[in-house]
Structure formats: structure tokens, C-alpha cells
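Visitor: Pasting a structure below so you can have a look.
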Amino acid sequence: MNLTLKHGRMAGCGLLLLLIFTPLAHSAEAIYKAGIAKKVITPSGPLWMAGYGSRNKPCVDKQHDLWIKALALEDSTGHRFVILTSDLCGIPRNLSEPVCRDVMKATGLKRADILMNCSHTHCGPVVAGNLTDMYPMNAEQLEDVRKYTETLTAGMTEILIAALKDLKPANVSIGEGTTRFAVNRREVTPAGVINGKNPTGPVDHSVPVLKVTDMDGKVTALLFGYACHNTTMSYYKWSGDYAGFAQIELEKAYPGSTAMFWIGCGGDANPLPRSMIELCEKYGKELALAVKDVANGKMAPLIKPITSSYSEVTLPLDKLPAREYWEAEVSSKSIANAKRAERMLAKLRAGVPIPTEYPHYPIQIWKFGDQLTWVALGGEVVIDYNLRLKKELPANGMKWIAGYSNDVIAYIPSARVLKEGGYEADSSQVYYGLPTKWAPAIEDIIVNKTLELAK
Ligand SMILES: [Zn+2]
């Protein structure tokens with residue numbers, strides 16, 4: 001098409017030109033705005049590492065830096081919302097609540113508009129209030145954790161606000177890829193379910209991807225998820241594990257971009273085999289490759305505005321053990337069991353009832369019209385929730401299910417997993433300091449509330 005028209009002929013062709021070029025010009029306009037901020041959170045001195053009960057000393061070495069990263073978005077109606085991702089094992093409520101409160105105060109956002117996810121790396125620092133009974137730390141080491149958590153709280157607040165201040169026109173698109181290193185780890189043996197390998201057990205190998213490009217078409221952010229424990233390594237080096245390597249790989253492939261990982265319902269999946277740095281790097285590269293395949297292919301432009309919702313439900317615990325149980329348990333050889341029993345007995349002595357429920361289980365939904373329903377659940381959610389919600393949520397659009405969001409209170413087993421028993425159902429509750437396992441009713445409570453919010 002010849003676009004060089006003399007001024008004298010413009011009047012006659014004006015309407016035609018307008019009709020031809022209006023749709024093109026409109027598609028180049030950004031429907032969304034995006035803003036990004038990030039910060040290194042690698043501990044500067046020795047600190048205990050989170051996630052494995054077998055740890056027996058603080059960490060001083062690093063594989064690579066740990067990060068907190070925030071991506072803020074604003075839809076066509078001016079509705080702003082922001083997600084934080086982090087190379088942390090857990091985000092407890094005592095961390096997320098002060099952060100959200102301060103961000104809401106500074107920006108006017110609602111709680112539903114702030115989503116906080118952690119990667120569940122087991123090579124990150126202990127955060128105060130998470131997995132309380134797991135680590136035999138002395139008073140000085142506990143104080144180091146308290147101070148670190150204080151700095152972390154301020155850092156999270158700072159980058160969430162900074163990302164919202166950074167909003168500028170951007171194109172946002174979504175897609176899904178696949179990678180297959182996640183394996184169900186609940187192995188059935190004559191002695192019960194162990195933390196092993198169950199190659200035919202349920203998993204979700206999908207890799208949800210959200211891409212942000214600037215008005216020149218340059219990739220500025222890649223936000224991606226995967227439903228698998230971030231536990232390839234158990235060494236004494238700070239590391240984002242496979243998710244850390246995936247982010248590094250993507251930031252190399254798209255210079256100037258920020259890669260952000262959120263973990264899905266990988267409570268009962270492990271990267272297998274594991275425990276070798278070569279495998280950790282390999283899984284990171286495989287995940288990055290899945291993201292690149294999506295990002296370099298045809299993605300759906302995100303055009304629909306967001307509706308966000310957030311609710312906290314009460315999750316009931318099973319029948320509590322009697323006082324005699326705690327009196328015996330207090331001399332357990334397991335530090336975690338003994339510490340938990342001490343706290344329970346202290347409550348009983350003070351006349352304070354042992355909790356029978358958890359009243360603050362967070363469920364959050366970001367819904368982008370009929371394009372995407374994004375659910376974010378608290379705790380270490382097992383895959384059954386992902387599979388059930390993907391089946392029962394309204395059929396329209398993509399469905400992304402995050403776990404480990406807003407409050408990592410404990411494992412969140414399904415009714416099936418609770419019945420079968422094993423670590424995710426039962427023994428993990430000790431490390432989270434809860435007095436007993438969950439009641440089987442929690443699955444329907446969580447799923448029904450999620451479906452109600454997603455309407
Ligand atoms: Zn875990």
C-alpha cells in the first residue's frame with residue numbers, strides 16, 4: 001500500500017484512510033500498564049536455612065543471590081494490583097499481614113489486590129513465625145532471624161510500593177507450556193506412605209506464563225509458575241534452587257527483563273532425581289526453556305479487566321490428643337516434637353485452650369473476565385486441589401492455581417491424602433507447630449469457598 005499521498009488528495013481519501021488504519025493504530029495502544037521492582041535478600045551474615053529438619057548449623061555460603069520481586073499491573077479501568085514473588089521457603093501471616101497493611105495504607109490498594117507467593121526453596125533463610133518448631137537455634141541465632149525478618153518486611157513493602165509507582169503502558173499476554181521433571185513423591189509401601197517416588201501419582205506439568213513487553217516490544221517481565229517442591233538441593237549454600245536457576249536463565253535470554261517464579265500446588269511433588277547441583281541447574285534450564293517456548297510463540301493478549309477477591313476461612317483440626325500425650329511427647333528425642341509438646345503443656349498449665357482450628361486460611365482469586373482465573377491458596381497445597389479446581393471452576397479461559405501464597409501455615413492435604421496418611425497428611429504438622437492433623441472437611445471448605453469467590 002502506497003502511503004505517500006499529496007495534501008491535495010487527503011480530503012477525498014480521508015475517510016478511507018481512517019477506516020483502514022484505526023484498528024491497527026488501536027492494537028498498538030497498551031490496554032494495561034506494568035511496573036517492576038526487585039531487591040536482593042541474600043543474608044549478609046550467618047543465618048539458619050529453612051525447610052529441612054536435618055539442618056544443624058547456619059549458612060554462610062551462596063550459590064547465587066536470593067531475590068524478592070514485584071510486578072504491578074493496572075487494567076483499562078484503572079484497577080491496580082501487584083504480585084510479589086520470593087526466593088523464600090515460606091511466608092507466614094506475621095510477615096504478609098504487616099506488609100499488606102503498609103502497602104494498602106500507602107497506595108489505597110485492597111487486600112485482594114496484593115498477592116504474595118514464595119518459591120519454597122529449601123536453600124533460603126528461616127523467617128520468623130514459619131516452621132517454628134523445626135530448628136534448634138540458640139537465643140543469638142533467633143535474634144538474627146528476627147532482625148532478618150524485620151529487614152525483609154521493610155524490603156517487601158518497599159518493592160511492592162515501588163512497582164506500583166513504576167506503572168507505565170505495556171502489553172501483557174498469557175500462555176501455557178509444559179515441562180516434566182515434577183514427580184509425585186507419595187510412595188505407597190507396606191509400612192505406609194513414604195516421601196519417595198510415585199511415577200504414576202497425580203502431577204500437573206503445565207507452566208503458566210505471563211509476559212510483559214514495553215511499547216517497543218521488548219520483554220520486561222516474565223512471570224511463570226510450576227507445581228513442584230523447589231527442593232533439588234539440601235546443601236549449605238543460599239540458592240533459589242531450580243526456580244532460581246530458571247530465573248537467572250530467563251534474565252540472560254531476555255536482557256533487561258525480570259523473571260519471576262510462583263509455585264503451584266506442588267505439596268506432594270518433588271524434582272526427581274535430586275540432590276546434585278547439575279540436576280538443579282538442568283531443571284532450571286528445562287523450566288526456562290518451557291517459558292521461552294511460550295514467550296517466543298503465539299500468546300493471548302490480556303485485555304480483560306481484573307476482578308480480585310480475598311477471603312479467609314476457618315480450617316478445623318482433627319480431634320486433639322489428651323494431656324497425657326503431651327506429657328509423654330515432651331521427652332521425645334525429636335527436638336520438634338519435644339518443643340511442640342512443651343508449648344502445648346505451657347498452654348494447658350496457663351489454662352489457655354489448645355487451638356482446635358486455624359481461623360485465617362487465605363483464598364485469593366484474580367479473574368480476568370473469561371480469559372484467566374488465577375487462584376492463590378495458602379499453605380503447602382497438594383496436587384488434588386489443583387486438579388479438582390481445574391475441573392470444577394467455570395470452563396472459560398485458563399486456570400492457574402498457586403499454592404504457598406499469603407500464609408504458609410502448614411501442608412494442605414486433600415481428604416484422600418489425609419486418609420492415606422504420610423508426611424503431608426500428618427507428621428509435617430509437628431514442624432509447623434500445629435497440635436494435630438487437619439480434619440478431612442478442609443478440602444470441601446477450601447474448594448467450595450474458592451468456587452464461590454470465582455463466580
Ligand atoms: Zn514443603
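The values are calculated or read from the model by the stated rules, or taken from the named source; none is laboratory data. Please read all numbers here as calculations on a predicted model, not as lab measurements. With ideal geometry, Cβ positions are generated from the backbone for all residues, glycine too; neighbour counts draw on all protein chains shown. SASA here: full protein model, heavy atoms, side chains in, ligands and nucleic acids out. Shrake-Rupley method; radii C 1.70, N 1.55, O 1.52, S 1.80 Å.
Visitor: Excluding Ala106 itself, what net charge comes from residues whose Cβ is under 11 Å from its Cβ, given Lys and Arg +1 and Asp and Glu -1?
Guide: Local net charge: +1.
Visitor: How long are the three semi-axes of the equivalent ellipsoid for the stretch 91-144, computed from the Cα gyration tensor as the root of 5 times each eigenvalue, in whole Å, largest first?
Guide: 27, 13, 8
Visitor: Oh, and also: Carbon and sulfur atoms: what percent of the 1.4 Å accessible area of the chain do they account for?
Guide: Reported share for carbon and sulfur atoms: 56 percent.
Visitor: If R₀ is 51 angstrom, what is the calculated FRET efficiency for the pair Val330 and Ala30, using the beta carbon separation as r and rounding to 0.05?
Guide: 0.25
Visitor: First select every other residue whose beta carbon is under 13 angstrom from the beta carbon of Thr436; then total the charges, Lys and Arg +1, Asp and Glu -1.
Guide: Result for the neighbourhood of Thr436: -1.
Visitor: Shape call for the stretch 54-207 from the C-alpha gyration tensor, a ≥ b ≥ c root eigenvalues: rounded (a/c under 1.5), prolate (a/b greater than b/c) or oblate?
Guide: Here the stretch 54-207 falls in the oblate category.
Visitor: How many percent of DSSP beta bridges within the chain run antiparallel, rounded to 5?
Guide: 75 percent
Visitor: Check the straight Cα-Cα distances from Lys292 and name the aspartates and glutamates below 14 Å, setting aside those fewer than 8 residues away within the same chain.
Guide: Those aspartates and glutamates meeting the cut-off are Glu176, Glu249, Glu251.
Visitor: Report, by chain and number, residues whose modeled amide H sits under 5 Å from the one on Leu302, excluding near sequence neighbours (fewer than 5 apart, same chain).
Guide: Close amide H contacts, sequence-distant or interchain: Val172, Ser173, Ile174.
Visitor: Solvent-accessible area per residue for the chain at a 1.4 Å probe radius, Å²?
Guide: Accessible area per residue: 42 Å².
Visitor: Related question: Cβ under 13 Å from Met299's Cβ, Met299 left aside: what net charge do those residues give with Lys, Arg +1 and Asp, Glu -1?
Guide: Cβ neighbours under 13 Å give a net charge of +1.
Visitor: Then there's this: Tell me, what HN-Hα J-couplings in whole Hz come from the Karplus equation 6.51 cos²θ - 1.76 cosθ + 1.60 at θ = phi - 60° for each residue of the stretch 111-125, using x for Gly and Pro?
Guide: Computed from phi, the couplings for the stretch 111-125 are 4, 5, 8, 10, 10, 10, 10, 10, 7, 6, 4, 8, 10, x, x Hz.
Visitor: Which pairs, out of Lys147/Lys218; Lys390/Lys419; Lys39/Lys298, put more than 27 Å between their alpha-carbon atoms?
Guide: Where the Cα-Cα span goes over 27 Å, the pairs concerned are Lys147/Lys218; Lys39/Lys298.
Visitor: Relative contact order for the chain using alpha-carbon pairs under 8 Å, separation at least 6, rounded to a whole percent?
Guide: Relative CO of the chain lands at 17 percent.
Visitor: OK, next. Given only helices, namely DSSP H runs of n ≥ 4 each adding -39500 (n - 2.57), what is the per-residue ellipticity at 222 nm of the chain, to the nearest 500 deg cm²/dmol?
Guide: -10500 deg cm²/dmol
Visitor: Listed highest first by mean packing, meaning other Cβ atoms within 10 Å per residue, what order do 399-407, 359-367, 148-156 come in?
Guide: The packing order, highest mean first, is 399-407, 359-367, 148-156.
Visitor: Sticking with this structure for a sec: Which aspartates and glutamates, if any, have their Cα less than 19 Å from the Cα of Lys333, not counting same-chain residues under 8 positions apart?
Guide: Those aspartates and glutamates meeting the cut-off are Asp133, Glu324, Glu342, Asp426.
Visitor: Another question about this same structure. Tell me the label-point distance for the pair Ala162, Met215, using the 7 Å Cα-to-Cβ offset, in nm and rounded to one decimal.
Guide: Label at Ala162, label at Met215, 2.4 nm between them.
Visitor: Right, next: Label His79 and Leu345 with points 7 Å out from Cα along Cα→Cβ: what is the distance between them in nm?
Guide: Label-label distance for His79 and Leu345, simple model: 5.3 nm.
Visitor: Could you order the peptides 433-440, 307-314, 235-242 from most to least packed, using the average number of other C-beta atoms within 10 Å per residue?
Guide: The most tightly packed comes first, giving 235-242, 433-440, 307-314.
Visitor: While we're looking at this one, here's another question. For a protection proxy built on the mean count of beta-carbon atoms within 10 angstrom, sort 105-111, 408-414 highest first, please.
Guide: Descending mean neighbour count gives 408-414, 105-111.
Visitor: Just the Kirkwood number for the chain, please: inverse of mean 1/r across all distinct Cα pairs, in Å, one decimal.
Guide: Kirkwood radius, the chain: 23.0 Å.
Visitor: I would also like to ask the following. What is the magnitude of the charge dipole of the chain about its Cα centre, with +1 placed on the Cβ of each Lys and Arg, -1 on the Cβ of each Asp and Glu, and no other charges, expressed in debye to the nearest 20?
Guide: Here the size comes out at about 660 debye.
Visitor: On to the next question. For the stretch 258-270, what does the Karplus curve 6.51 cos²θ - 1.76 cosθ + 1.60, with θ = phi - 60°, yield as ³J(HN,Hα) per residue in whole Hz, taken in order and with x for Gly and Pro?
Guide: 10, 9, 10, 10, 10, 9, x, 7, x, x, 10, 10, 10
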